[in-house]
Amino acid sequence: ALAKEASHWLKKIRNKSRPFFLNFWAYSVHTPLNATKTKISAFQNTINTQNTGAQKSATSAAMINELDTSIGLLVQALEDEELLENTIIIFTSDNGGAGYIGLPDVNAPYRGWKITLFEGGIRVPFLARWPAQLPAGVTYDAPVHHFDMYATAAAAGSAQLPSDRIMDGVDLT
């Protein structure tokens with residue numbers, strides 16, 4: 001529902017004469033995991049009963065699939081509006097996976113999960129895509145933090161950061 005509303009806003013509501021900012025917070029991978037029975041059954045055969053750190057929850061897999069579908073809807077809306085090439089898309093998470101949903105090795109090979117300061121609780125994906133300005137396939141080996149997004153967005157929009165205060169974060173472009 002959130003992705004459909006955001007896509008509708010991109011196509012019908014936003015002011016097309018101005019740049020835009022869309023912050024899409026997907027909560028599909030947070031508890032409670034409320035996947036449909038149809039979606040869950042589609043992932044039943046992905047469950048790994050061996051203790052190898054592989055997928056052990058069809059419900060969790062179904063919710064990750066919902067997240068993937070949502071991102072796909074947004075990317076398609078950007079493509080439909082001919083905005084995809086010159087739009088920055090940043091995909092990240094706020095913390096590691098949730099060990100309390102019954103998957104204690106959810107972040108294997110890293111120890112810990114959400115609400116811990118172990119690497120499994122703080123190491124998250126961070127992907128950026130901006131075809132008009134960033135070359136594809138580049139990796140950035142230094143640690144990245146969410147406050148880097150402020151400096152990055154300011155630089156991308158040619159905005160000046162406040163000079164009267166110290167700003168954390170670096171421009172990742």
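Below is a table of values for the structure above.
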| read-out | value |
| --- | --- |
| Amide H partners (placed H, <5 Å) of residue 111, local residues excluded | 119, 120 |
| Rounded percent of accessible protein surface that carbon and sulfur make up, the stretch 1-149, 1.4 Å probe | 57 percent |
| 13 Å beta-carbon shell around residue 125, net charge (K/R +1, D/E -1) | 0 |
| Whole-Hz couplings from phi, Karplus 6.51/-1.76/1.60, listed for the stretch 84-97; x for Gly and Pro | 4, 5, 10, 10, 7, 10, 10, 10, 8, 10, 8, 5, x, x |
| Per-residue HN-Hα couplings for the stretch 138-154 [Karplus 6.51, -1.76, 1.60; θ = phi - 60°; Hz; x = Gly/Pro] | 7, 10, 10, 7, 6, x, 10, 10, 4, 5, 5, 5, 5, 5, 5, 5, 4 |
| Cα-derived Rg to Rh of the stretch 1-43, Kirkwood definition | 1.16 |
| Accessible area expressed per residue, the stretch 82-160, with surrounding protein chains retained (probe 1.4 Å, Å²) | 69 Å² |
| Filtered trypsin sites (Lys or Arg not before Pro), the stretch 64-173: DSSP coil and at most 11 other beta carbons within 10 Å | 165 |
| Residue-averaged [θ]222 nm for the chain, counting only DSSP H segments that reach four residues, each worth -39500 (n - 2.57) | -8500 deg cm²/dmol |
| Rounded to whole Å, sorted largest first: equivalent-ellipsoid semi-axes of the stretch 1-156, Cα gyration tensor | 30, 21, 13 |
| The stretch 108-173 - Rg (one decimal) and Dmax (whole number), Cα, Å | 14.8, 43 |
| Most mobile listed residue (93, 158, 17) in the chain, GNM with C-alpha springs under 10 Å | 17 |
| Karplus-derived HN-Hα couplings along the stretch 11-22 (A = 6.51, B = -1.76, C = 1.60, θ = phi - 60°), whole Hz, x at Gly and Pro | 8, 10, 10, 4, 6, 6, 8, 10, x, 9, 10, 10 |
| Lysine-lysine proximity count for the chain, Cα under 25 Å, sequence distance 8 or more or distinct chains | 8 |
| Solvent-accessible surface (1.4 angstrom probe) belonging to residue 94, in square angstrom, nearest 10 | 90 Å² |
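The values are calculated or read from the model by the stated rules, or taken from the named source; none is laboratory data. This one's a predicted model, so the numbers in the text were calculated from it and none came from an experiment. Every residue, glycine as well, gets a Cβ built from its backbone with ideal geometry; the counts of neighbours run over all protein chains shown. The area values use the complete protein model at the heavy-atom level, side chains included, leaving out ligands, DNA and RNA. Shrake-Rupley method; radii C 1.70, N 1.55, O 1.52, S 1.80 Å.
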